[in-house]
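See below for the structure under consideration.
The values are calculated or read from the model by the stated rules, or taken from the named source; none is laboratory data. Values in this document were obtained by computation on a predicted structure and should not be read as measured data. No Cβ is skipped: glycine too gets one built from the backbone with ideal geometry, and neighbour counts run over all protein chains shown. Each accessible area value is taken on the protein alone, full model and side chains, heavy atoms only, with ligands, DNA and RNA left out. Shrake-Rupley method; radii C 1.70, N 1.55, O 1.52, S 1.80 Å.
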Amino acid sequence: MRPEPYSWSVDQHEMRRPADAGELADRLAAVLAPGQVFTEGEKFEAALHDGTAFQGLTGRALVLVEPDDAAEVAAVMRYAYEAEVPIFTRGGGTGLAGGAVPEGGIVLSLARLNRVRSIDPGQWRMEAEAGVTTATVHRIALENGLMFPPDPGAGEQSTIGGNVATNAGGPHALRYGVTNHSVTGLEVVIPPGRLVHVGGTVTKNVAGLDLKSLMVGSEGTLGIVTAVQLRLVPAPEARGVTVATYSDNASGCTGVEAVLAAGIRATALEFLDRGALTASVGSLPFDVPADPGFMVIAEADGSAEEVRETLAGFEEALGPGSASTRTLVSRHETDAFWSWREGVSWAVAAQRGGKVSEDIVVPVERLAEAVEGTLEIGHRHGLEACSWGHAGDGNLHSSFLVDLEDPDELARAREATGNLFDMALALGGSISGEHGVGTIKTPWVDAALGPEVASLQVRIKQAFDPKLLLNPGHKIPLPGA
Ligand SMILES: Cc1cc2nc3c(=O)[nH]c(=O)nc-3n(C[C@H](O)[C@H](O)[C@H](O)COP(=O)(O)OP(=O)(O)OC[C@H]3O[C@@H](n4cnc5c(N)ncnc54)[C@H](O)[C@@H]3O)c2cc1C
(Lines give C-alpha, C1' and ligand atoms only; values in the text may rest on other atoms or scores of the structure.)
Protein backbone atom coordinates (compact mmCIF):
# COMPACT_ATOMS: atom_id res chain seq x y z
CA MET A 1 0.00 0.00 0.00
CA ARG A 2 1.56 3.31 -1.10
CA PRO A 3 1.72 5.75 1.83
CA GLU A 4 0.52 9.31 1.50
CA PRO A 5 2.82 11.34 -0.75
CA TYR A 6 5.54 12.92 1.31
CA SER A 7 7.39 16.03 0.39
CA TRP A 8 9.43 18.47 2.32
CA SER A 9 9.68 21.80 0.62
CA VAL A 10 12.51 24.14 1.30
CA ASP A 11 9.92 26.91 1.14
CA GLN A 12 8.70 25.65 4.51
CA HIS A 13 11.79 27.31 5.90
CA GLU A 14 11.29 30.99 6.12
CA MET A 15 14.58 32.05 4.63
CA ARG A 16 15.18 35.26 6.51
CA ARG A 17 17.95 36.31 4.18
CA PRO A 18 19.31 36.31 1.57
CA ALA A 19 16.47 36.60 -0.90
CA ASP A 20 18.04 35.07 -4.01
CA ALA A 21 20.87 32.95 -5.38
CA GLY A 22 23.02 35.96 -6.32
CA GLU A 23 22.91 37.43 -2.85
CA LEU A 24 23.47 34.04 -1.24
CA ALA A 25 26.48 33.42 -3.51
CA ASP A 26 27.93 36.82 -2.61
CA ARG A 27 27.57 36.12 1.11
CA LEU A 28 29.16 32.67 0.76
CA ALA A 29 31.99 34.01 -1.43
CA ALA A 30 32.81 36.28 1.50
CA VAL A 31 32.96 33.22 3.82
CA LEU A 32 34.98 31.14 1.30
CA ALA A 33 36.57 32.50 -1.88
CA PRO A 34 34.82 33.36 -5.16
CA GLY A 35 36.31 30.28 -6.94
CA GLN A 36 34.61 28.01 -4.41
CA VAL A 37 31.05 29.21 -5.07
CA PHE A 38 28.98 28.33 -8.15
CA THR A 39 25.47 29.31 -9.26
CA GLU A 40 25.64 27.94 -12.82
CA GLY A 41 27.83 25.94 -15.22
CA GLU A 42 28.68 22.27 -15.69
CA LYS A 43 29.80 21.66 -12.11
CA PHE A 44 26.68 23.29 -10.71
CA GLU A 45 24.39 21.29 -13.03
CA ALA A 46 26.14 18.00 -12.13
CA ALA A 47 25.51 18.71 -8.45
CA LEU A 48 21.75 18.50 -9.03
CA HIS A 49 21.92 14.73 -9.69
CA ASP A 50 23.28 11.56 -8.14
CA GLY A 51 23.18 7.87 -9.12
CA THR A 52 19.39 8.15 -9.44
CA ALA A 53 19.89 10.02 -12.76
CA PHE A 54 19.20 6.52 -14.20
CA GLN A 55 15.62 7.03 -13.11
CA GLY A 56 15.42 10.67 -14.10
CA LEU A 57 15.72 12.35 -10.67
CA THR A 58 16.89 16.01 -10.76
CA GLY A 59 17.10 18.48 -7.91
CA ARG A 60 17.33 22.23 -7.58
CA ALA A 61 19.68 24.47 -5.66
CA LEU A 62 20.59 28.10 -5.28
CA VAL A 63 24.33 27.68 -4.80
CA LEU A 64 27.05 25.02 -4.88
CA VAL A 65 29.99 25.53 -2.51
CA GLU A 66 33.29 23.65 -2.30
CA PRO A 67 34.98 24.39 1.03
CA ASP A 68 38.66 23.55 1.25
CA ASP A 69 38.84 22.17 4.80
CA ALA A 70 36.80 21.37 7.92
CA ALA A 71 37.08 24.97 9.19
CA GLU A 72 35.48 26.24 5.98
CA VAL A 73 32.72 23.61 6.22
CA ALA A 74 32.02 24.93 9.72
CA ALA A 75 32.02 28.54 8.45
CA VAL A 76 29.47 27.69 5.73
CA MET A 77 27.27 25.93 8.27
CA ARG A 78 27.48 28.86 10.68
CA TYR A 79 26.36 31.21 7.93
CA ALA A 80 23.59 28.86 6.70
CA TYR A 81 22.32 28.35 10.23
CA GLU A 82 22.20 32.03 10.91
CA ALA A 83 20.46 32.78 7.59
CA GLU A 84 18.27 29.64 7.86
CA VAL A 85 19.21 28.21 4.49
CA PRO A 86 19.16 24.40 4.11
CA ILE A 87 22.39 22.54 3.29
CA PHE A 88 22.44 19.45 1.09
CA THR A 89 25.73 17.61 1.53
CA ARG A 90 27.39 15.95 -1.44
CA GLY A 91 30.16 13.37 -1.67
CA GLY A 92 30.83 11.65 -5.01
CA GLY A 93 27.18 11.75 -6.06
CA THR A 94 26.95 7.98 -6.69
CA GLY A 95 24.18 7.37 -4.15
CA LEU A 96 21.22 5.39 -5.39
CA ALA A 97 18.51 6.74 -3.07
CA GLY A 98 18.50 10.40 -4.12
CA GLY A 99 20.22 11.44 -0.87
CA ALA A 100 22.52 13.91 -2.63
CA VAL A 101 19.77 15.35 -4.84
CA PRO A 102 19.19 18.85 -3.45
CA GLU A 103 15.82 20.46 -2.94
CA GLY A 104 16.88 24.10 -2.85
CA GLY A 105 19.37 26.01 -0.70
CA ILE A 106 23.10 25.27 -0.60
CA VAL A 107 24.80 22.16 -2.02
CA LEU A 108 27.97 21.61 0.02
CA SER A 109 30.45 19.40 -1.81
CA LEU A 110 33.31 17.71 0.06
CA ALA A 111 35.33 17.29 -3.17
CA ARG A 112 38.23 19.48 -2.00
CA LEU A 113 38.64 17.69 1.33
CA ASN A 114 40.67 15.04 -0.46
CA ARG A 115 43.77 14.58 1.71
CA VAL A 116 44.84 11.36 3.39
CA ARG A 117 45.92 12.71 6.77
CA SER A 118 47.82 9.67 7.98
CA ILE A 119 48.47 5.98 7.38
CA ASP A 120 49.90 3.82 10.13
CA PRO A 121 50.50 0.33 8.70
CA GLY A 122 51.80 -0.98 12.04
CA GLN A 123 48.52 -0.15 13.77
CA TRP A 124 46.31 -0.91 10.70
CA ARG A 125 44.98 2.68 10.76
CA MET A 126 44.26 5.39 8.24
CA GLU A 127 42.75 8.84 8.64
CA ALA A 128 41.29 10.37 5.50
CA GLU A 129 39.30 13.50 4.76
CA ALA A 130 35.72 12.94 3.68
CA GLY A 131 36.25 13.69 -0.01
CA VAL A 132 38.95 11.03 -0.57
CA THR A 133 37.57 8.50 -3.06
CA THR A 134 36.87 4.95 -1.96
CA ALA A 135 39.28 3.70 -4.65
CA THR A 136 42.08 5.87 -3.20
CA VAL A 137 41.47 4.43 0.28
CA HIS A 138 41.65 0.91 -1.23
CA ARG A 139 44.83 1.70 -3.16
CA ILE A 140 46.70 3.30 -0.25
CA ALA A 141 45.69 0.50 2.12
CA LEU A 142 46.93 -2.10 -0.36
CA GLU A 143 50.24 -0.28 -0.93
CA ASN A 144 50.78 -0.71 2.80
CA GLY A 145 49.91 -4.41 2.89
CA LEU A 146 46.41 -3.67 4.25
CA MET A 147 42.83 -3.74 3.04
CA PHE A 148 39.78 -1.52 3.52
CA PRO A 149 37.07 -4.19 3.15
CA PRO A 150 33.91 -2.17 2.21
CA ASP A 151 33.68 -2.18 -1.59
CA PRO A 152 30.55 -0.44 -2.88
CA GLY A 153 30.48 -0.61 -6.66
CA ALA A 154 31.33 2.92 -7.81
CA GLY A 155 34.59 3.35 -5.87
CA GLU A 156 36.40 5.56 -8.40
CA GLN A 157 33.75 8.25 -7.82
CA SER A 158 32.24 7.58 -4.39
CA THR A 159 33.92 9.16 -1.36
CA ILE A 160 34.80 7.79 2.05
CA GLY A 161 32.51 10.46 3.58
CA GLY A 162 29.64 9.23 1.39
CA ASN A 163 30.41 5.62 2.34
CA VAL A 164 30.22 6.60 6.01
CA ALA A 165 27.05 8.65 5.50
CA THR A 166 25.29 5.71 3.82
CA ASN A 167 27.00 2.98 5.87
CA ALA A 168 27.83 1.43 2.50
CA GLY A 169 28.15 -2.31 2.03
CA GLY A 170 29.19 -4.14 -1.12
CA PRO A 171 30.07 -7.80 -1.77
CA HIS A 172 32.66 -8.10 1.03
CA ALA A 173 30.25 -6.92 3.75
CA LEU A 174 29.29 -10.58 4.13
CA ARG A 175 32.58 -11.43 5.81
CA TYR A 176 33.94 -8.06 6.95
CA GLY A 177 30.81 -6.10 7.80
CA VAL A 178 29.44 -2.83 6.43
CA THR A 179 31.35 0.48 6.62
CA ASN A 180 30.59 1.14 10.31
CA HIS A 181 32.63 -1.93 11.22
CA SER A 182 35.73 -0.33 9.66
CA VAL A 183 35.29 3.13 11.22
CA THR A 184 36.62 3.92 14.69
CA GLY A 185 36.21 7.69 14.76
CA LEU A 186 34.80 10.68 12.92
CA GLU A 187 35.41 14.41 12.68
CA VAL A 188 32.05 16.05 12.10
CA VAL A 189 30.67 19.56 11.73
CA ILE A 190 27.37 19.83 13.59
CA PRO A 191 24.94 22.75 13.81
CA PRO A 192 25.32 25.60 14.25
CA GLY A 193 28.84 25.11 12.85
CA ARG A 194 30.96 23.33 15.49
CA LEU A 195 33.69 20.80 14.82
CA VAL A 196 33.36 17.71 17.05
CA HIS A 197 35.06 14.32 17.26
CA VAL A 198 33.19 11.11 17.98
CA GLY A 199 35.01 7.85 18.62
CA GLY A 200 38.78 7.90 18.02
CA THR A 201 41.64 5.53 17.40
CA VAL A 202 40.94 3.22 20.33
CA THR A 203 38.97 0.12 19.43
CA LYS A 204 37.24 -0.15 22.83
CA ASN A 205 35.56 2.87 24.40
CA VAL A 206 32.31 2.89 26.37
CA ALA A 207 32.66 6.31 27.98
CA GLY A 208 29.62 7.70 26.20
CA LEU A 209 26.77 6.87 23.89
CA ASP A 210 27.96 5.38 20.60
CA LEU A 211 27.53 8.61 18.62
CA LYS A 212 30.04 7.39 16.04
CA SER A 213 27.68 4.58 15.06
CA LEU A 214 24.70 6.95 15.15
CA MET A 215 26.47 9.28 12.74
CA VAL A 216 27.43 6.42 10.39
CA GLY A 217 24.46 5.86 8.08
CA SER A 218 22.75 9.13 9.03
CA GLU A 219 22.92 10.30 5.39
CA GLY A 220 23.89 13.90 6.12
CA THR A 221 20.89 14.54 8.38
CA LEU A 222 22.79 14.99 11.68
CA GLY A 223 26.11 16.54 10.67
CA ILE A 224 28.69 16.85 7.92
CA VAL A 225 31.53 14.34 8.15
CA THR A 226 34.86 16.01 7.37
CA ALA A 227 37.32 13.22 8.24
CA VAL A 228 37.22 9.51 9.01
CA GLN A 229 39.46 7.29 11.14
CA LEU A 230 39.54 3.83 9.62
CA ARG A 231 40.39 0.40 11.00
CA LEU A 232 42.02 -1.64 8.21
CA VAL A 233 42.76 -5.35 8.06
CA PRO A 234 45.80 -7.18 6.69
CA ALA A 235 45.42 -7.78 2.96
CA PRO A 236 44.79 -11.48 2.35
CA GLU A 237 47.53 -13.49 0.68
CA ALA A 238 45.24 -15.14 -1.85
CA ARG A 239 41.75 -14.99 -3.34
CA GLY A 240 39.63 -17.32 -5.44
CA VAL A 241 36.13 -17.33 -6.86
CA THR A 242 33.68 -20.08 -7.72
CA VAL A 243 31.02 -19.19 -10.27
CA ALA A 244 28.03 -21.53 -10.59
CA THR A 245 25.14 -21.24 -13.03
CA TYR A 246 21.67 -22.75 -12.66
CA SER A 247 18.61 -23.11 -14.85
CA ASP A 248 16.29 -21.34 -12.39
CA ASN A 249 16.06 -19.14 -9.29
CA ALA A 250 15.03 -21.88 -6.89
CA SER A 251 18.06 -24.12 -7.53
CA GLY A 252 20.43 -21.13 -7.37
CA CYS A 253 19.01 -19.98 -4.04
CA THR A 254 19.31 -23.54 -2.73
CA GLY A 255 23.02 -23.31 -3.59
CA VAL A 256 23.34 -20.06 -1.62
CA GLU A 257 21.72 -21.64 1.43
CA ALA A 258 23.94 -24.72 1.08
CA VAL A 259 27.10 -22.58 1.31
CA LEU A 260 25.83 -20.89 4.48
CA ALA A 261 24.55 -24.13 6.02
CA ALA A 262 27.93 -25.82 5.43
CA GLY A 263 29.51 -23.14 7.64
CA ILE A 264 31.87 -22.02 4.90
CA ARG A 265 33.27 -18.52 5.51
CA ALA A 266 32.60 -16.96 2.11
CA THR A 267 34.08 -13.50 1.64
CA ALA A 268 31.30 -12.69 -0.81
CA LEU A 269 28.21 -14.57 -1.94
CA GLU A 270 26.51 -12.84 -4.86
CA PHE A 271 23.75 -13.63 -7.34
CA LEU A 272 22.35 -12.56 -10.69
CA ASP A 273 18.98 -13.67 -12.04
CA ARG A 274 18.18 -14.42 -15.68
CA GLY A 275 17.36 -10.81 -16.64
CA ALA A 276 20.53 -9.39 -15.07
CA LEU A 277 22.54 -12.11 -16.83
CA THR A 278 20.87 -11.43 -20.19
CA ALA A 279 22.00 -7.81 -19.89
CA SER A 280 25.58 -8.59 -18.91
CA VAL A 281 26.62 -12.10 -19.93
CA GLY A 282 27.94 -10.88 -23.31
CA SER A 283 30.96 -9.32 -21.63
CA LEU A 284 31.58 -12.11 -19.10
CA PRO A 285 35.29 -13.02 -19.44
CA PHE A 286 34.57 -16.77 -19.88
CA ASP A 287 31.87 -19.02 -21.36
CA VAL A 288 28.85 -20.35 -19.47
CA PRO A 289 26.02 -22.60 -20.76
CA ALA A 290 23.60 -20.78 -23.10
CA ASP A 291 20.76 -18.78 -21.52
CA PRO A 292 21.77 -19.14 -17.86
CA GLY A 293 18.81 -18.69 -15.48
CA PHE A 294 20.73 -17.78 -12.31
CA MET A 295 24.35 -17.28 -11.28
CA VAL A 296 25.92 -17.63 -7.83
CA ILE A 297 29.35 -16.13 -7.17
CA ALA A 298 31.24 -17.26 -4.07
CA GLU A 299 34.58 -15.72 -3.12
CA ALA A 300 37.21 -16.99 -0.71
CA ASP A 301 40.20 -15.12 0.72
CA GLY A 302 42.97 -15.87 3.21
CA SER A 303 46.18 -17.89 2.99
CA ALA A 304 46.66 -19.95 -0.18
CA GLU A 305 45.82 -23.08 1.82
CA GLU A 306 42.61 -21.58 3.28
CA VAL A 307 41.50 -20.42 -0.15
CA ARG A 308 42.07 -23.90 -1.67
CA GLU A 309 39.98 -25.50 1.10
CA THR A 310 37.18 -22.92 0.89
CA LEU A 311 36.95 -23.23 -2.89
CA ALA A 312 36.64 -27.01 -2.56
CA GLY A 313 33.79 -26.39 -0.09
CA PHE A 314 32.07 -24.06 -2.58
CA GLU A 315 32.28 -26.70 -5.33
CA GLU A 316 30.67 -29.23 -3.01
CA ALA A 317 27.88 -26.89 -1.86
CA LEU A 318 27.13 -25.21 -5.18
CA GLY A 319 27.64 -28.20 -7.50
CA PRO A 320 24.38 -30.14 -6.91
CA GLY A 321 21.64 -28.82 -9.21
CA SER A 322 23.99 -26.49 -11.10
CA ALA A 323 24.39 -26.29 -14.88
CA SER A 324 28.08 -25.36 -14.59
CA THR A 325 30.71 -24.44 -12.03
CA ARG A 326 34.01 -22.71 -12.68
CA THR A 327 36.77 -21.78 -10.27
CA LEU A 328 39.00 -18.76 -10.81
CA VAL A 329 42.27 -18.51 -8.89
CA SER A 330 44.74 -16.34 -10.77
CA ARG A 331 44.82 -12.64 -9.91
CA HIS A 332 44.25 -11.81 -13.57
CA GLU A 333 41.09 -13.97 -13.76
CA THR A 334 39.55 -12.80 -10.49
CA ASP A 335 40.25 -9.10 -11.21
CA ALA A 336 38.70 -9.40 -14.68
CA PHE A 337 35.70 -11.18 -13.20
CA TRP A 338 35.08 -8.58 -10.45
CA SER A 339 35.34 -5.70 -12.88
CA TRP A 340 32.68 -7.48 -14.98
CA ARG A 341 30.53 -7.82 -11.83
CA GLU A 342 30.94 -4.08 -11.12
CA GLY A 343 29.57 -3.32 -14.59
CA VAL A 344 26.32 -5.26 -14.09
CA SER A 345 24.39 -2.21 -12.87
CA TRP A 346 25.41 -0.17 -15.97
CA ALA A 347 24.70 -3.11 -18.30
CA VAL A 348 21.17 -3.48 -16.90
CA ALA A 349 20.53 0.28 -17.25
CA ALA A 350 21.83 0.21 -20.83
CA GLN A 351 19.11 -2.26 -21.88
CA ARG A 352 16.45 0.45 -22.22
CA GLY A 353 18.36 3.61 -21.30
CA GLY A 354 17.22 3.70 -17.67
CA LYS A 355 16.33 1.63 -14.63
CA VAL A 356 14.40 2.16 -11.44
CA SER A 357 16.27 0.04 -8.95
CA GLU A 358 15.84 -0.49 -5.20
CA ASP A 359 18.03 -2.37 -2.75
CA ILE A 360 15.52 -4.21 -0.61
CA VAL A 361 16.74 -6.72 1.96
CA VAL A 362 15.07 -9.94 3.16
CA PRO A 363 16.08 -12.87 5.39
CA VAL A 364 18.36 -15.05 3.23
CA GLU A 365 15.93 -17.94 3.30
CA ARG A 366 13.30 -15.71 1.61
CA LEU A 367 15.66 -14.66 -1.23
CA ALA A 368 14.02 -16.90 -3.88
CA GLU A 369 10.59 -15.47 -3.01
CA ALA A 370 11.92 -11.92 -3.33
CA VAL A 371 13.54 -12.66 -6.70
CA GLU A 372 10.30 -14.20 -8.02
CA GLY A 373 8.25 -11.44 -6.39
CA THR A 374 10.28 -8.77 -8.23
CA LEU A 375 9.44 -10.41 -11.58
CA GLU A 376 5.78 -10.72 -10.63
CA ILE A 377 5.56 -7.04 -9.62
CA GLY A 378 7.23 -6.01 -12.89
CA HIS A 379 4.78 -8.17 -14.85
CA ARG A 380 1.82 -6.61 -13.03
CA HIS A 381 2.99 -3.13 -14.09
CA GLY A 382 3.94 -4.14 -17.64
CA LEU A 383 7.68 -3.70 -16.96
CA GLU A 384 10.75 -5.83 -17.63
CA ALA A 385 12.30 -6.65 -14.27
CA CYS A 386 15.41 -8.33 -12.94
CA SER A 387 17.51 -8.51 -9.81
CA TRP A 388 21.04 -9.19 -8.66
CA GLY A 389 22.98 -8.44 -5.50
CA HIS A 390 24.44 -9.71 -2.29
CA ALA A 391 22.77 -13.10 -1.85
CA GLY A 392 24.54 -13.97 1.40
CA ASP A 393 23.08 -10.83 3.02
CA GLY A 394 19.63 -11.29 1.41
CA ASN A 395 20.20 -7.89 -0.24
CA LEU A 396 18.68 -7.55 -3.72
CA HIS A 397 19.01 -4.79 -6.31
CA SER A 398 15.52 -5.27 -7.71
CA SER A 399 15.19 -3.31 -10.93
CA PHE A 400 12.61 -2.26 -13.50
CA LEU A 401 13.93 -1.35 -16.93
CA VAL A 402 12.59 1.93 -18.29
CA ASP A 403 12.81 4.34 -21.16
CA LEU A 404 13.55 7.67 -19.46
CA GLU A 405 11.65 9.50 -22.20
CA ASP A 406 8.44 7.65 -21.35
CA PRO A 407 6.75 9.37 -18.37
CA ASP A 408 4.02 6.74 -18.14
CA GLU A 409 6.60 3.94 -17.88
CA LEU A 410 8.54 5.89 -15.25
CA ALA A 411 5.37 6.44 -13.24
CA ARG A 412 4.54 2.72 -13.40
CA ALA A 413 8.08 1.85 -12.30
CA ARG A 414 7.82 4.18 -9.29
CA GLU A 415 4.50 2.58 -8.41
CA ALA A 416 6.15 -0.84 -8.73
CA THR A 417 8.92 0.13 -6.27
CA GLY A 418 6.18 0.77 -3.70
CA ASN A 419 5.07 -2.83 -4.17
CA LEU A 420 8.70 -3.94 -3.76
CA PHE A 421 8.99 -2.20 -0.39
CA ASP A 422 5.69 -3.72 0.74
CA MET A 423 6.94 -7.15 -0.34
CA ALA A 424 10.27 -6.73 1.50
CA LEU A 425 8.45 -5.78 4.71
CA ALA A 426 5.97 -8.64 4.31
CA LEU A 427 8.90 -11.08 3.94
CA GLY A 428 10.38 -9.86 7.23
CA GLY A 429 12.95 -7.62 5.57
CA SER A 430 13.41 -3.89 5.07
CA ILE A 431 13.33 -1.13 2.47
CA SER A 432 17.11 -0.68 2.16
CA GLY A 433 20.06 -2.92 2.88
CA GLU A 434 22.85 -0.51 1.95
CA HIS A 435 21.90 2.35 -0.39
CA GLY A 436 19.97 4.25 2.26
CA VAL A 437 16.62 6.01 2.34
CA GLY A 438 17.53 9.31 0.67
CA THR A 439 14.52 11.07 -0.76
CA ILE A 440 13.05 8.09 -2.52
CA LYS A 441 12.16 5.85 0.40
CA THR A 442 11.17 8.46 2.99
CA PRO A 443 7.44 7.68 2.59
CA TRP A 444 8.06 4.09 3.72
CA VAL A 445 10.08 4.88 6.84
CA ASP A 446 7.08 4.80 9.19
CA ALA A 447 6.04 1.41 7.82
CA ALA A 448 9.59 0.06 8.02
CA LEU A 449 10.39 1.28 11.54
CA GLY A 450 7.00 1.71 13.19
CA PRO A 451 5.64 5.09 14.38
CA GLU A 452 7.39 5.08 17.79
CA VAL A 453 10.88 4.53 16.39
CA ALA A 454 10.21 6.90 13.47
CA SER A 455 9.25 9.64 15.93
CA LEU A 456 12.30 8.90 18.13
CA GLN A 457 14.44 9.49 15.04
CA VAL A 458 12.82 12.92 14.58
CA ARG A 459 13.69 13.82 18.18
CA ILE A 460 17.29 12.72 17.62
CA LYS A 461 17.48 14.86 14.49
CA GLN A 462 16.09 17.84 16.40
CA ALA A 463 18.78 17.40 19.08
CA PHE A 464 21.54 17.67 16.44
CA ASP A 465 19.85 20.01 13.98
CA PRO A 466 17.17 22.06 15.79
CA LYS A 467 16.39 24.21 12.75
CA LEU A 468 16.10 21.10 10.51
CA LEU A 469 18.47 22.50 7.91
CA LEU A 470 20.65 19.47 7.13
CA ASN A 471 19.32 17.43 4.18
CA PRO A 472 15.78 18.31 5.33
CA GLY A 473 13.19 15.76 4.34
CA HIS A 474 15.81 13.15 3.42
CA LYS A 475 15.87 9.85 5.34
CA ILE A 476 13.88 11.13 8.33
CA PRO A 477 10.26 12.15 7.64
CA LEU A 478 9.78 15.49 9.39
CA PRO A 479 6.71 16.65 11.26
CA GLY A 480 4.41 18.97 9.36
CA ALA A 481 5.55 17.75 5.96
C1 LIG B 1 27.31 1.32 -10.12
C2 LIG B 1 27.04 1.52 -8.67
C3 LIG B 1 27.20 0.45 -7.80
C4 LIG B 1 26.98 0.63 -6.43
N5 LIG B 1 27.18 -0.43 -5.59
C6 LIG B 1 26.98 -0.27 -4.26
C7 LIG B 1 27.19 -1.37 -3.36
O8 LIG B 1 27.55 -2.47 -3.76
N9 LIG B 1 26.98 -1.14 -2.04
C10 LIG B 1 26.59 0.09 -1.56
O11 LIG B 1 26.41 0.23 -0.34
N12 LIG B 1 26.38 1.12 -2.39
C13 LIG B 1 26.56 0.98 -3.72
N14 LIG B 1 26.33 2.04 -4.56
C15 LIG B 1 25.81 3.30 -4.02
C16 LIG B 1 26.85 4.38 -3.67
O17 LIG B 1 28.05 4.20 -4.37
C18 LIG B 1 27.09 4.40 -2.16
O19 LIG B 1 25.89 4.75 -1.51
C20 LIG B 1 28.19 5.37 -1.73
O21 LIG B 1 28.49 5.14 -0.37
C22 LIG B 1 27.81 6.84 -1.90
O23 LIG B 1 28.96 7.64 -1.73
P24 LIG B 1 29.07 9.08 -2.42
O25 LIG B 1 30.35 9.69 -1.99
O26 LIG B 1 28.86 8.98 -3.88
O27 LIG B 1 27.85 9.81 -1.71
P28 LIG B 1 26.69 10.78 -2.30
O29 LIG B 1 25.91 10.06 -3.35
O30 LIG B 1 27.32 12.06 -2.71
O31 LIG B 1 25.83 11.00 -1.01
C32 LIG B 1 25.10 9.94 -0.43
C33 LIG B 1 24.45 10.44 0.87
O34 LIG B 1 25.44 10.71 1.83
C35 LIG B 1 25.42 12.09 2.22
N36 LIG B 1 26.83 12.50 2.36
C37 LIG B 1 27.81 12.37 1.44
N38 LIG B 1 28.98 12.78 1.95
C39 LIG B 1 28.73 13.17 3.22
C40 LIG B 1 29.54 13.69 4.27
N41 LIG B 1 30.85 13.89 4.12
N42 LIG B 1 28.95 14.00 5.45
C43 LIG B 1 27.61 13.80 5.64
N44 LIG B 1 26.81 13.31 4.67
C45 LIG B 1 27.36 12.99 3.49
C46 LIG B 1 24.66 12.81 1.12
O47 LIG B 1 24.01 13.96 1.61
C48 LIG B 1 23.67 11.73 0.71
O49 LIG B 1 22.59 11.71 1.60
C50 LIG B 1 26.56 1.89 -5.93
C51 LIG B 1 26.40 2.97 -6.82
C52 LIG B 1 26.63 2.79 -8.17
C53 LIG B 1 26.45 3.98 -9.07
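With a 1.4 Å probe and all protein chains left in place, how much accessible area per residue does the chain have, in Å²?
With the other protein chains kept in place, the chain gives 40 Å² per residue.
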Exercise for the section: Please name which of P86, W338, A298 has its Cα lying farthest along the dipole of the chain towards the positive end, using unit charges on Cβ (Lys, Arg +1; Asp, Glu -1) and the Cα centre as origin. Expected result: P86
Problem - Alpha-carbon centroids, the range 359-404 and the range 66-92: separation in whole Å - result: 38 Å
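Quick check on packing: order 320-330, 430-440, 349-359, 271-281 by the mean number of other C-beta atoms within 10 Å, highest mean leading.
Details: 320-330: 16.3, 430-440: 24.9, 349-359: 21.5, 271-281: 23.4.
The packing order, highest mean first, is 430-440, 271-281, 349-359, 320-330.
Write down the percent of antiparallel bridges among all DSSP beta bridges whose residues are both part of the chain, to the nearest 5. Present the calculation step by step, with values, prior to reporting the outcome.
On the way: 61 of 70 bridges.
DSSP beta bridges in the chain are roughly 85 percent antiparallel.
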Exercise for the section: Read phi for every residue in the range 40-48 and hand back ³J(HN,Hα) as whole Hz from Karplus 6.51 cos²θ - 1.76 cosθ + 1.60, θ = phi - 60°, with x for Gly and Pro. Expected result: 7, x, 4, 4, 4, 4, 4, 6, 8
Fill in the blank from the handout: Phi angles of the range 438-447, converted by Karplus (6.51 cos²θ - 1.76 cosθ + 1.60, θ = phi - 60°) into ³J(HN,Hα) in whole Hz with x for Gly and Pro, give x, 8, 5, 9, 3, x, 9, 5, 4, 5
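From the P(r) of the chain, can you give the percent of Cα pairs sitting at distances over 41 Å?
Working: 20453 of 115440 pairs.
For the chain, the share of Cα pairs beyond 41 Å comes to 18 percent.
Give, in nm to one decimal, the length gained when the segment between E40 and R112 is fully stretched (0.36 nm per residue of separation minus the Cα-Cα distance).
On the way: separation 72, 0.36 × 72 = 25.92 nm, distance 1.86 nm.
Length gained, E40 through R112: 24.1 nm.
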Problem - the range 152-206 - percent of accessible surface contributed by carbon and sulfur, probe 1.4 Å - result: 54 percent
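Where does each of 103-116, 84-97 land if you order them by average Cβ count within 10 Å, highest first?
Details: 103-116: 21.1, 84-97: 25.1.
So the peptides 103-116, 84-97, ranked by packing, come out 84-97, 103-116.
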Exercise for the section: Could you check how much of the accessible area of the range 377-451 is carbon and sulfur, as a whole percent, using a 1.4 Å probe? Expected result: 51 percent
Fill in the blank from the handout: Inter-part gap, Cα centre of the range 174-221 to Cα centre of the range 256-329, in whole angstrom, is 35 Å
Practice task
For T226, enumerate residues with amide H under 5 Å from its amide H, sequence gap 5+ or separate chain, H modeled in the peptide plane.
Solution key: E187, V188, V189
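What is the sum of charges, Lys and Arg at +1 and Asp and Glu at -1, for the other residues whose Cβ falls under 11 Å from the Cβ of L28?
Working: positive: R27; negative: E23, D26, E66, E72.
Neighbour charge sum, excluding L28 itself: -3.
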Handout entry: Highest to lowest packing among 456-466, 295-305, scored as the average C-beta count within 10 Å
Key = 295-305, 456-466
Practice task
Could you compute the FRET efficiency for S324 and A447, with r as their C-beta to C-beta distance and R0 at 41 Å, rounded to 0.05?
Solution key: 0.50
Problem - Gain in span if fully extended, A135 to L284, counting 0.36 nm per residue against the direct Cα distance - result: 51.4 nm
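Count charges around R112 for me, please; just the other residues with Cβ under 15 Å from its Cβ, Lys/Arg as +1, Asp/Glu as -1.
-1
If you roll a 1.4 Å probe over the range 260-349 with all protein chains in place, what percent of the accessible area is carbon or sulfur?
Numbers: 2110 of 4030 Å².
Carbon and sulfur together cover 52 percent of it.
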Practice task
For the range 152-157, take each phi angle, set θ = phi - 60°, evaluate the Karplus expression 6.51 cos²θ - 1.76 cosθ + 1.60, and give the result in whole Hz per residue in order, putting x for glycine and proline.
Solution key: x, x, 10, x, 5, 10
Fill in the blank from the handout: tail above 24 Å in the computed P(r) of the range 322-462, as % of all Cα-Cα pairs, reads 39 percent
